[in-house]
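> Let me give you the structure first, and then I'll get to my questions.
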Amino acid sequence: MTLIYTGIDEAGYGPMLGPLCVASVTLRIDSWNPGEAAPDLWAMLGDAVCRTKKEAKRRIAVGDSKDLKLANSSVTKHPLYHLERGVLAFLACRDGRSPATDQELQDTLSARLDSSDWYSTPPVDLPMGVCADMLTIESNQLRGTMHKHGVELLDIRVRVVGESEFNALYTRHRTKAAATGTAVRELIEMAKEHGSRGDEARIVCDRQSGRTKYAPMLAHLFNDVRIEEESPRASRYTCDTNTGVLLTPGADGAYFPVALASMAAKLVRELAMLRFNTYWGERIPDLKPTAGYVQDARRWLQDTHEFITDQQREAMVRLA
């Protein structure tokens, strides 16, 4: 039997500036026995992938994006080296080639940034930190390993919740979790489309807050939802008899498709912030870039207060 295995994770939940990005990765795994746990893809694809930066000399690291994103001060590798290496290699396995610019990456991932001027700078060439020829070699190796073990990438997509939508959702619901929840619901609904009659499905989401009850949300997506567990450790559900849904903290370090989703979400957000900083850096002399997190965002807003209008400030600053 075939298993349809989806992981969902976000990047940018905490910052004051820049978009919230929520990503999903869906894989098809052949020769899976119903009732078994989802396979350990790190072990299955171990000839081509690994979990950590330290192991990544000859293999592609797939892990928590917070661990794989290098410091902006890195001098030996580009800060996005591991993120783009992993995401672009998997996309090349599916599509035969990887996106050549950040705009093409956004289009491939169905990622739509806000239409603000600061996201409308010229496209950035990809890859930035990985040798393109080496990426081709590694993608071919990964493709062969996946084919050998009956693993196929069906979809990677990133749902961008831009600043204006984020603020509208927060204003309506009075919680920023509404922004993540909106994106997660949409991504689960899209993941359902990849299965066919008789397929088993597993959906794993990284849980960001203390919330433990998700049955009402899932009831909008499935005809039947059975609660298996709702605790601080995990929220587990069986939906329509053939779909297992798990929401648990730390999933991006424990479940392969969630880890890859975290990398895609982080890569899209980082490239969006690159556009943001490029736009304002060209207009304000000696402006130090920002990653958008609260403390540094306040510094950036102070540094730019003479150059940006109240309307621009309102459009770019998230309310929570």
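> Which peptide among 145-152, 302-309 comes first, and what is the full order, when sorted by highest mean count of other Cβ atoms within 10 Å?
145-152, 302-309
> Could you rank the peptides 82-90, 115-123 by their average count of other C-beta atoms within 10 Å per residue, with the highest value first?
In decreasing order of mean packing, 82-90, 115-123 become 82-90, 115-123.
> Restricting things to alpha carbons, find the Rg to Rh ratio for segment 213-260 using the Kirkwood radius for Rh.
So for segment 213-260, dividing Rg by the Kirkwood Rh gives 0.99.
> Classify segment 124-261 from the C-alpha gyration tensor, please: rounded if a/c falls under 1.5, else prolate or oblate depending on whether a/b exceeds b/c.
Taking the square roots of the gyration eigenvalues as a ≥ b ≥ c, segment 124-261 is oblate.
> At 37 °C and 0.692 mPa s, what whole-number value in µm²/s does Stokes-Einstein give for the translational diffusion of segment 146-191, with Rh from the Kirkwood sum over Cα pairs?
Calculated translational D: 264 µm²/s.
> Longer than 28 Å from Cα to Cα, which of K54/K213; K148/K192; K54/K266 are they? Say none if no pair is.
Going by Cα-Cα distance, K54/K213 fall outside the 28 Å limit.
> Also: If one takes the longest principal axis of the Cα atoms in the chain, at what angle in degrees, from 0 to 90 and to the nearest 10, does the Cα axis of helix 256-281 lie?
The angle comes out near 10 degrees.
> Let me ask something else about it. Which log10 I(q)/I(0) values, to two decimals, does segment 94-145 give at q = 0.19, 0.21, 0.24 Å⁻¹ under the Debye formula with one point per Cα?
-0.73, -0.83, -0.98
> Calculate I(q)/I(0) for segment 1-61 by the Debye formula, one identical point scatterer on each C-alpha and no solvent, and give its log10 at q = 0.15, 0.21 Å⁻¹ to two decimals.
Log-scaled intensity ratios, in q order: -0.69, -0.95.
> While we're looking at this one, here's another question. Once the Cα gyration tensor of segment 3-316 is diagonalised, what are the square roots of 5 times its eigenvalues, in whole Å and ordered largest first, as equivalent ellipsoid semi-axes?
32, 25, 15
> So who's got an amide H within less than 5 Å of the one on V204, skipping anything under 5 residues away but keeping other chains? H placed 1.01 Å off N, in plane.
For V204, the qualifying residues are T6, G7, I8, L246.
> Ok, one more. Roughly speaking, what is the centre-to-centre gap between segment 159-211 and segment 16-46 when only Cα atoms are used, to the nearest Å?
Segment 159-211 and segment 16-46 have Cα centres spaced 16 Å from each other.
> Ok, one more. When the helices in the chain are scored as -39500 (n - 2.57) per DSSP H run of 4 or longer and the sum is shared across all residues, what 222 nm value do you end up with, to the nearest 500 deg cm²/dmol?
Per the formula, -11500 deg cm²/dmol.
> If you don't mind, there's one more thing I want to ask. Across 5 Å bins from the origin, how do the percents of Cα pairs in segment 61-200 run, short distances first?
2, 8, 13, 16, 19, 17, 12, 7, 3, 1, 0
> Which aspartates and glutamates have a Cα lying under 15 Å from the Cα of K66, excluding residues fewer than 8 positions away in the same chain?
D9, E10, E84, D206, D252, E270
Every number in this text was worked out from the coordinates using simple rules, so none of it is lab data. Just so it is clear, the structure is predicted and the values come from calculations on it, not from any experiment. All Cβ positions, even for glycine, are placed from backbone atoms using ideal geometry, and neighbour counts span all protein chains on display.
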